[in-house]
Amino acid sequence: MTKVVISGTGVFTPSQSVSNAELVDTFNTYVRRQNEANAAAIARGEMEPLAESSVEFIVKASGIEARYVMDKSGIVDPEIMAPRLRQRSNDEPSILAEMAVDAAHKAMKRANKTAADIDAVIVACSNLERPYPAIAVEVQELLGVEGFGFDMNVACSSATFGIQAAYDMLRSGSVDCVLIVDPEICSGHLNFRDRDSHFIFGDVCTAIVLEREETCTAKGAWEVLGTRLLTKFSNNIRNNFGFLNRATPEGVGARDKLFVQEGRKVFKEVVPMVSALILEHMADAGLDPKDLKRMWLHQANKSMNDMIGRKVLGRDPEPGEQPNILQEYANTSSAGSIIAFSKFNEDLKPDDLGLICSFGAGYSAGNVLVRKRT
């Protein structure tokens, strides 16, 4: 069976960043205004006062220190507390496609690939700005790629599910080279007025080139040893926004039309699920977790990743074994593990064993075992 390699990755990072302190200042201004406006009802016991946030709370809860965003001005305005993005005409590139093209060019350059080498484009992300035409087909057009493209959404696991899809196509021989892009404007579905989650997400786009081993000319490529996917239904991470909203107007503006989660339940249920997935996959592949040189995990919560690392390795991960980009990027949904992989893989040696793993809403989890080429 044909061997498949990851020959290039790329990251588009927005130019604007928001610190925890800026978010907290905006959130607390909103809270004080709301509590003042509802002071009489609060005094009568008819409603609870809103609680303020703090930088210390955010870091302790998540390990996040800052996040990149496509628009900062609306997010830090207490009257808006949401990104404000310009409406584009149909004759202009969409914002997701624009992000994707930037990341794609970087990945293709590292992979020594041109548009003529790409057979398929997959846009794999947690939120698509429209149902059709597919963002992937638009990216394909902007890059000048022949062949085909399609969109897929598996929430925070979209990138690894995209890798699985590309891996299968490449092994079957239906394509020779696939580009996967993961444009994530997570600030668009985040409720910045919810204390428990207002700090979680950031915006970014990653790109990955997968190809048949015999066509790879890039240095530092990684052989994909195998992939494994898992889904289990859960309501603990949810977003009910969709095209039927106009048919149920009583739900317009409801809290569940943005990101909502039961964080403690997610932690309790996802950590053992993902740890078991990794260990079972490695056992079936005849690989020992002790041989892992690096794990590039989904970047949602530092404590979650630390616990998964301990369960997989049987000890506390050493510095550098499990890179963390939360402090700079926050949770970027499907792109997080790919950012970590892109930024922290070049120092590893030929034959070193690594693991890319993502997990999130669904529940969903995707596992990719890789070995650095000699």
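Summary table
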read-out: One residue from ASN191, ASN127 being surrounded by 18 or more Cβ atoms within 10 Å (Cβ to Cβ), touching an Asp or Glu at 6+ places or on another chain (Cβ under 8 Å) and polar (S, T, N, Q); value: ASN127
read-out: Options LYS372, LYS293, LYS349: the member that is in contact with an Asp or Glu (Cβ under 9 Å, 6 or more places away or on another chain), open to solvent by 70 Å² or more (accessible area, probe 1.4 Å), of a type in the set (D, E, K, R) and in contact (Cβ under 8 Å) with a residue 12 or more places away in the chain; value: LYS293
read-out: Helices (runs of 4 or more DSSP H) enclosed by region 15-130 - at least 2 residues per element that are among the basic types (Lys, Arg) and closer than 23 Å to ILE163 by Cβ; value: 95-111
read-out: Selected residue (only one of ASP102, ASP91, ASP151 is open to solvent by 50 Å² or more (accessible area, probe 1.4 Å) and either in contact with a helix residue (DSSP H, G or I) (Cβ under 6 Å, 6 or more places away or on another chain) or over 18 Å from PHE12 (Cα atoms) (or both)); value: ASP91
read-out: Of residues in region 236-251 being free of Cβ contacts under 8 Å to residues at least 24 places away in the same chain and touching a helix residue (DSSP H, G or I) at 6+ places or on another chain (Cβ under 7 Å), the one nearest to VAL270 (Cα to Cα); value: ASN240
read-out: Residue count, region 205-257 (criterion: assigned to a strand (DSSP E or B), aliphatic (A, V, I, L, M) and open to solvent by 40 Å² or more (accessible area, probe 1.4 Å)); value: 3
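The values are calculated or read from the model by the stated rules, or taken from the named source; none is laboratory data. Note that the structure is predicted; figures quoted are calculated from it, not measured. When we count neighbours, we look across all protein chains shown, and the Cβ atoms used for this are built from the backbone with ideal geometry, even at glycine. Quick note on the areas: whole protein, heavy atoms, side chains included, nothing else; ligands and nucleic acids left out. Shrake-Rupley method; radii C 1.70, N 1.55, O 1.52, S 1.80 Å.
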